Each structure stands twice: as structure tokens, then as C-alpha cells.
1. Provide the net charge surrounding Glu137, with neighbours chosen by a C-beta distance below 11 Å and charges set as Lys +1, Arg +1, Asp -1, Glu -1.
2. Report, in debye and to the nearest 20, how large the dipole of the chain comes out about its Cα centre when Lys and Arg carry +1 and Asp and Glu carry -1 on their Cβ.
3. Tell me, what HN-Hα J-couplings in whole Hz come from the Karplus equation 6.51 cos²θ - 1.76 cosθ + 1.60 at θ = phi - 60° for each residue of segment 108-120, using x for Gly and Pro?
4. Pairs of Cα atoms under 8 Å, at least six residues apart: use those to get the relative contact order of the chain, whole percent.
5. Would you compute the Debye intensity of the chain from its alpha-carbon atoms alone, equal scatterers and no solvent, and pass along log10 I(q)/I(0) at q = 0.11, 0.14, 0.15, 0.22 Å⁻¹ to two decimals?
6. What is the distance, in nm, between label points placed 7 Å from the Cα along the Cα-to-Cβ direction at Tyr56 and at Ile115?
Amino acid sequence: MKFEYPFERKWVVASAILSGLSMFFGLAILSKESSWILMYLSFVFCLTLIVLPLKYYFYLKKEQELESEYIPESEEEKSKSYMDIIILFCLAMIAICFPFILTLFLDPLWWIIAISGSVPGICLPEIILYVYSKTAEN
């Protein structure tokens, strides 16, 4: 299926820089024990697997709306559009607040893993989707 990445290349470069810096910071702090590094990488991997299909879905939906020059006609379509925005906002707030909520229940090691792992977990799907869109063109 053809997929067109909706943002400029600058967005991907910024995501790559943020991911790299955050992973460097996280791995530098957690380098004392290999089990900590494994937990960190598995957290990043799991978060990436959660965020990737969500971003793909919303980017495809945005692309379809732009192609069809989507104009909500009925109240039901308008409320569905608003509901999508509300769901996206709630998912973004959960993704932002989840690491901080975890710190209330877990020890400081998990705080470092959650905070420094959230940035690459959310930014890496941007890079993956950009590469996917470029390979789908060819």
C-alpha cells in the first residue's frame, strides 16, 4: 500500500537527533549493568511497537482526508471528526504522563528507563514511517 509521509524531512532529522541523544543519555546512565540496558531497550522497543501503528493509522487518515478534500457534511461526521481529535489528544497525554505515573509506583531505575525511553519510543516511529514511505515510492 502506498503511504506518503505527511511531514518534511526536517521532522525526521529532529526525531533522529532527539532519539539519539535520549538513547545516549539513557545508555550512559544505565551502562553499569547489562540487565538495565536490556530493560531499557525492551521498554523502547515495546513503546515503539505501540506508537508505530497509532501514528500510521492517523497519518493514513490524514492523507485520505486531504485527498478527498474532506468536508464534514452531517453532524454525525463532525462529531466523529471531533472524537478522533479527542482520542488523539488523550493518547498523547497518556504517552506523556505514563512515565511520570510509573515513577509513583516504581524505583528510580524505572524512572530513568521510562523518561529516557519515552523519547526514542515516540520518535523512532517517525523515522520508520519516513523510510517506509520512501521505500514504498520505489
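1. +1
2. Dipole about the Cα centre, nearest 20: 600 debye.
3. Listing the rounded values in order: x, 4, 6, 4, 5, 4, 5, 6, 6, x, 5, 4, x Hz.
4. Relative contact order comes out at 55 percent.
5. Each listed q corresponds, in turn, to -0.50, -0.75, -0.83, -1.32.
6. 3.2
Throughout, read-outs are computed from the coordinates displayed, never taken from laboratory work. No experiment lies behind these values; they were computed from the predicted model shown. Cβ sites come from the backbone with ideal geometry, for glycine too, and all protein chains shown count toward neighbours.
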